[in-house]
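Chemist: Got a structure for you, written out below as structure tokens; questions coming shortly.
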Amino acid sequence: MTRPTRARISRAALAANLARVRAAAPGCRVIAVVKANAYGHGLLPVARALSRTDAYAVARVDEALALREAGLAHPVLLLEGPLEASDLEQAARFHLDLVVHAGEQLDMLAHYRGPARFTLWLKFDTGMNRLGFPLESFDAVMSRVQSLNCVARPLRLMTHLACADERGHPHTRRQLERIRAGLAVRGCDLSIANSAGILGLPEVLQAPTALAGAPATPCNWVRPGVMLYGISPLRGRDAGAVGLEPAMTFQTRLIALRHVVRGESVGYGATWTADRDTLIGIAAAGYGDGYPRSLPSGTPVLIGGHRAPLAGRISMDMLAIDLTEHPGTPAVGDCVTLWGRGLPVELVAEAAGTIPYELVCGITQRVAMELVD
């Protein structure tokens, strides 16, 4: 029998979320971030559903090559840039754009002898302290890049925001001040805003006066990731609150019903005990599918449009649900929504003590992916 656990991916939701990006960032070009198998949603189906983007961004060369082999001709940006010289050969062959963030990458470009001219995004660190040239080296980096024969013009600049998901965070203001002082360069495209920046910092998407007060380049490229998948990037607000539609609905089915008498426990470790005679439903999903074992009893699932709480620990292949107060008449075969339409993944992630990114990226290979309209 085919395992009933499914992740249904909505083309319509993906398209609607891309439209939401464009509405929030009018006049900006959009780089759709589809790394990590499109945040667990399926690289190629998602990329095709987002074909109206201006470019794609991936983390690894193999992701970029998959897009090219599928016939997608958009610009494809390699977010971590070349990690070794062979990556430059692949980038040249498949016309990939490169983020350059370290001196070692400049060395690779200096030693490149092929005919390609690479489109570069120079990444500068304004406070993330992860990747990027220090702002103090801006002039030296720009001078060195301009001396390279394999670099296309004009140059493009980017940085990354560390705390944009928290409104009013002082670190974001410090980063914006550094951007204003060091990256507002006439004639260079500039990308600042990730999903949280797009929805939470409209000032970084406005004309240059919002950043500098002096003639400068506006932030004219945005890099949405998680919001494309209908997940809120803003802490404390779910997708519906920010006008996004969940693209993934993670579902399974009830495979058994059990009557458990008061005082009996359910599941490994006997961590949950019935305080009354209880109807328990067993659903065919567990941590082997990517549903977190850390979820506590009481976490809701959705059955027949109504929420019902988990009872006991998540197993590898199964989970238990307290259906005693369910207003319907649950039956074997009923659909169980673990997150998605009707049950925000943000809520489930909070219960698991993690972030929605980890949940959707953690769907395992044995879960069937279904693309729906």
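Chemist: Out of region 332-367, which residues are among the aliphatic types (A, V, I, L, M) and loosely packed, with under 12 Cβ neighbours inside 10 Å?
Modeler: Correct list: Val332 only.
Chemist: Has region 116-123 got at least one residue that is crowded, with 18+ Cβ neighbours inside 10 Å, within 22 Å of Val222 (Cα to Cα), aliphatic (A, V, I, L, M) and at pLDDT below 95?
Modeler: For region 116-123, residues crowded, with 18+ Cβ neighbours inside 10 Å, within 22 Å of Val222 (Cα to Cα), aliphatic (A, V, I, L, M) and at pLDDT below 95: absent.
Chemist: Find all pairs meeting these conditions: Cβ atoms under 7 angstrom apart; at least six residues apart or on different chains; first residue within region 347-369 and on the phi < 0 side of the Ramachandran plot; second residue outside any helix (DSSP H, G or I) and modelled with pLDDT under 95.
Modeler: Between residues of region 347-369 that are on the phi < 0 side of the Ramachandran plot and residues that are outside any helix (DSSP H, G or I) and modelled with pLDDT under 95, the close pairs are Leu347/Asp238; Arg366/Arg3.
Chemist: I'd like the full set of residues that are out of contact with any strand residue (DSSP E or B) (no Cβ under 6 Å at 6 or more places or on another chain) and either over 20 Å from Gly263 (Cα atoms) or among the aromatic types (Phe, Trp, Tyr) (or both), limited to region 296-313.
Modeler: Gly304, Gly305, His306
Chemist: Assigned to a loop (DSSP other than H, G, I, E, B), under 21 Å from Val266 (Cβ atoms) and either more than 24 Å from the chain's Cα centre (by Cα) or not β-branched (Val, Ile, Thr) (or both) - does that describe any residue in region 334-345?
Modeler: There is at least one residue in region 334-345 that is assigned to a loop (DSSP other than H, G, I, E, B), under 21 Å from Val266 (Cβ atoms) and either more than 24 Å from the chain's Cα centre (by Cα) or not β-branched (Val, Ile, Thr) (or both).
Chemist: Let me ask something else about it. Filter region 157-182 down to residues that are under 17 Å from Leu122 (Cα atoms) and touching a Ser or Thr at 6+ places or on another chain (Cβ under 7 Å) and give me whichever is surrounded by the most Cβ atoms within 10 Å (Cβ to Cβ).
Modeler: By that ranking, first place goes to Thr159.
Chemist: Inspect all residues belonging to region 270-286 and state whether any of them is under 21 Å from the mean Cα position of the chain (by Cα), under 30 Å from Arg48 (Cβ atoms) and of a type outside the set (S, T, N, Q).
Modeler: no
Chemist: Quick check, is Tyr291 of a type in the set (Phe, Trp, Tyr), in contact (Cβ under 8 Å) with a residue 60 or more places away in the chain and surrounded by 13 or more Cβ atoms within 10 Å (Cβ to Cβ)?
Modeler: In short, no.
Chemist: Could you figure out which of (1) β-branched (Val, Ile, Thr); (2) within 19 Å of the chain's Cα centre (by Cα); (3) at pLDDT 95 or above isn't true of Val151?
Modeler: The one condition Val151 does not meet is (2).
Chemist: In addition: Exactly one condition in (1) out of contact with any strand residue (DSSP E or B) (no Cβ under 6 Å at 6 or more places or on another chain); (2) farther than 29 Å from Gly42 by Cβ is not met by Leu122; state its number.
Modeler: Just one mismatch for Leu122, condition (1).
Chemist: Further question: Here is a check on your reading of the model: is Arg258 buried (at least 21 other Cβ atoms within 10 Å of the Cβ) and not assigned by TED's automatic domain parsing to the domain that holds Met227?
Modeler: So Arg258 does not fit the description; no.
Chemist: Considering only residues that are over 14 Å from the mean Cα position of the chain (by Cα), outside any helix (DSSP H, G or I) and at pLDDT 95 or above, which ones fall in region 232-244?
Modeler: Within region 232-244, just Gly243 meets the criteria.
Chemist: Follow-up question, since we're still on this one. Tally the residues that are surrounded by fewer than 19 Cβ atoms within 10 Å (Cβ to Cβ) and in contact (Cβ under 8 Å) with a residue 12 or more places away in the chain, restricting the search to region 271-281.
Modeler: So the answer is 5.
Chemist: Just give me the residues in region 60-84 being among the small types (Gly, Ala, Ser) and surrounded by fewer than 16 Cβ atoms within 10 Å (Cβ to Cβ), in sequence order.
Modeler: Ala70, Gly71, Ala73
Chemist: Same structure again: Quick one: which residue in Ala32, Ala7 is in contact with an Asp or Glu (Cβ under 9 Å, 6 or more places away or on another chain), surrounded by 22 or more Cβ atoms within 10 Å (Cβ to Cβ) and more than 27 Å from Gly200 (Cβ to Cβ)?
Modeler: Just a single option satisfies the conditions, and that option is Ala7.
The values are calculated or read from the model by the stated rules, or taken from the named source; none is laboratory data. Note that the structure is a prediction, hence the values are computed from the model and not measured. No Cβ is skipped: glycine too gets one built from the backbone with ideal geometry, and neighbour counts run over all protein chains shown.
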